[in-house]
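Read the structure below first, then the notes.
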Amino acid sequence: MSDDLQKATTQGKINDFQKKSLSLKLMGGEKQIAKQHELKKLTARERLDLFFDKDTFQEVQLFVEHRSGLFGLDIKEIPADGVVTGFGKVNGRVVFIAAQDFTSSGGSLGEMHAKKIWKVMDMAIAARKPFVALNDSGGARIQEGVPSLEGYGGIFYRNTLASGYIPQITAIMGPTAGGAVYSPALADWVFMVKGSSYMYITGPDVVKAVIGEEVTHDELGGAVAHASKSGVCHVAVDSDADCIEKIKQLLSYLPDSCHSPLPLSDGKDNAERICTELDTIIPDKSNRAYDMKKIIKSLADNGEMFELQEAWAQNIIVAFVRIMGKPVGVIANNPRFAAGVLNVDASDKASRFIRFCDAFNIPLLTLTDVPGYMPGTHQEWAGIIRHGAKLLHAYSEATVPKITVITRKAYGGAYIGMCSKQLGADYVMAWPTAEIAVMGAEGACNIVYRNEIAKASDPEAKRQELAVAYEEKFNNPYFAASLGIIDEIIVPGETRRRIIALLDALKDKAESRISKKHNNIPL
Ligand code: HXC
């Protein structure tokens, strides 16, 4: 073959390849893309364009095809088998991705679709880089049968292998039904787009048939429901573009893997900044609420915090902040909701956050203002003992630097639960407004001095008198400080400076524990 002829043949093959690639990249075609846009949803490729730095996306396995001949699939082409997989850079850092495309056979998951996802998950684990899934799928590809279920099984297995090793984020950007909900549930963080996404085990039709309940898709499993009622969704967003932007923001706080350094931000705040606004933030009356988020923002670099599960278990706040450019995980009681009490949901929310931070070497800052655990049959029967134990376990097993600041109430078992010294806090500070006691003064006197109060000519006056004495002894930080149970009492405005000094002092903390297979956290 002459050189010219060979060149022409090669060029022809390249042209063929480019034509095929372009056709595959169109996924379900113009009509389906228009339908997707009508629903205010982007296609997988449009989402990837927003997500990755320009021209950094490398597609993996574009040419994979399904191999099922069942129920008409023998003559059905499903471009890219309904999922775009690959890797690229997000603000200069490598991230692996699987983005289902609803335009291509409803993004349904068959054997080969699943294997494409396995491939990028395996690559992410090997490369020790974050894995992001953008879900938009009708679920298991019905025509293929059990290989689809096998496909999900392999994803769940990989989610579990990757857990605590690389960060895993899932965005729900369309339907997610049945067992398909469990890959998101196994991931670290779940984002949901309001109005266009839903996730549930069984949809409204089955719900109606089985228990006669009438409910819409959105009420049952929309972003708002999961962000405020179930706690399944960590971040509810307004649109696809908002979703991509918020995922990028979250990634900016996370290391690539548990073996990677924490990402450092350039936009550092002033290390010497005194937060004078904190000196007056605690109300005179101990039962008045105040804005704990203001405290978190004061302590954070540039007043920025990334809050998770903001609308669920609002009596506790979990958020990432940066302090001198480095990520820190904040857990704080929120006196604005149920006085910041600990209950089942708050315990779950905080425990999972603590374990994430510990797995990825993110230091923990705990801000305590907790009146106790929520009493009553509702909480007892919901298992507050079991759930509350998670918090004790999570804090105790965490070996990252742990700093605690008691702003006001720290009562009873809840005092212990909010990263007290005996749960391994490296340093516990209290503001002069702190009340550290087994219980509130009145309740304590009612038990300890029951007989004296009953016998007194004016029982109410006697109760008050005894309560004042109890308060003077215990409802302040001095008794705890005198025993070294807290390490220091500080002026609130000084808190940021102290935290900066402590994080610096503790940055090489290395704590080894008894060797064993793994803990058995109460679940
Ligand atoms: C095969 C599917 C599919 C599926 C959608 N499609 N879901 N193909 N298997 N699960 C296809 C449709 O046939 C159609 O193909 C295209 O995707 C677009 O779907 P439409 O129905 O036209 O879209 P829409 O009207 O927007 O409705 C979306 C939907 C509906 C509500 C999600 O498609 C639907 O009900 N799908 C089935 C949902 C389901 O029951 N999945 C199985 C869940 S059980 P054409 O060729 O016409 O474009 C499950 C078990 C997992 O997932 C267990 C894991 C452990």
Among helices (runs of 4 or more DSSP H) entirely inside the stretch 289-396, those with 3 or more residues being out of contact with any strand residue (DSSP E or B) (no Cβ under 8 Å at 6 or more places or on another chain) and either at pLDDT 95 or above or surrounded by fewer than 22 Cβ atoms within 10 Å (Cβ to Cβ) (or both) are 344-359, 377-381
Those residues of the stretch 407-425 which are under 24 Å from the mean Cα position of the chain (by Cα) and under 20 Å from Glu494 (Cα atoms) amount to Ala425
Residue check: is Tyr395 touching a residue at least 24 places away in the same chain (Cβ under 8 Å), under 18 Å from Ala339 (Cα atoms) and within 25 Å of the chain's Cα centre (by Cα)? no
Taking the options Thr216, Thr176, name whichever one is within 22 Å of Gly110 (Cα to Cα) and not hydrophobic (A, V, I, L, M, F, W, C). Thr176
Can you tell me which residues in the stretch 91-111 are surrounded by fewer than 23 Cβ atoms within 10 Å (Cβ to Cβ) and within 13 Å of Ser148 (Cα to Cα)? Glu111
If I filter the stretch 121-139 down to residues being part of a loop (DSSP other than H, G, I, E, B) and within 16 Å of the ligand (Cβ to nearest atom), which single residue comes out as surrounded by the most Cβ atoms within 10 Å (Cβ to Cβ)? Asp136
Name the single residue, out of those in the stretch 267-288 being in a loop (DSSP other than H, G, I, E, B) and charged (D, E, K, R), that is nearest to Ala338 (Cα to Cα). Arg288
Top-ranked residue of the stretch 206-241 - restricted to ones that are surrounded by fewer than 16 Cβ atoms within 10 Å (Cβ to Cβ) and among the acidic types (Asp, Glu), ranked as nearest to Ala44 (Cα to Cα): Asp238
Please tell me if Leu70 is in contact (Cβ under 8 Å) with a residue 40 or more places away in the chain and farther than 28 Å from Val132 by Cβ. yes
Extreme residue, nearest to the ligand (Cβ to nearest atom), among residues of the stretch 140-162 that are within 28 Å of His518 (Cβ to Cβ) and surrounded by 18 or more Cβ atoms within 10 Å (Cβ to Cβ): Tyr152
Give, as residue ranges, the helices (runs of 4 or more DSSP H) completely inside the stretch 403-508 that count at least 1 residues that are in contact (Cβ under 8 Å) with a residue 40 or more places away in the chain and either touching an Asp or Glu at 6+ places or on another chain (Cβ under 6 Å) or under 25 Å from Asp301 (Cβ atoms) (or both). 495-505
Hey, among Gly82, Gly69, which residue is among the small types (Gly, Ala, Ser) and surrounded by 13 or more Cβ atoms within 10 Å (Cβ to Cβ)? Gly82
Failed condition for Lys31, given (1) under 36 Å from the mean Cα position of the chain (by Cα); (2) under 10 Å from Thr103 (Cβ atoms): (1)
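The values are calculated or read from the model by the stated rules, or taken from the named source; none is laboratory data. These numbers were taken from a predicted model, which means no experiment stands behind them. We place every Cβ from the backbone using ideal geometry, glycine too, and count neighbours over all the protein chains shown.
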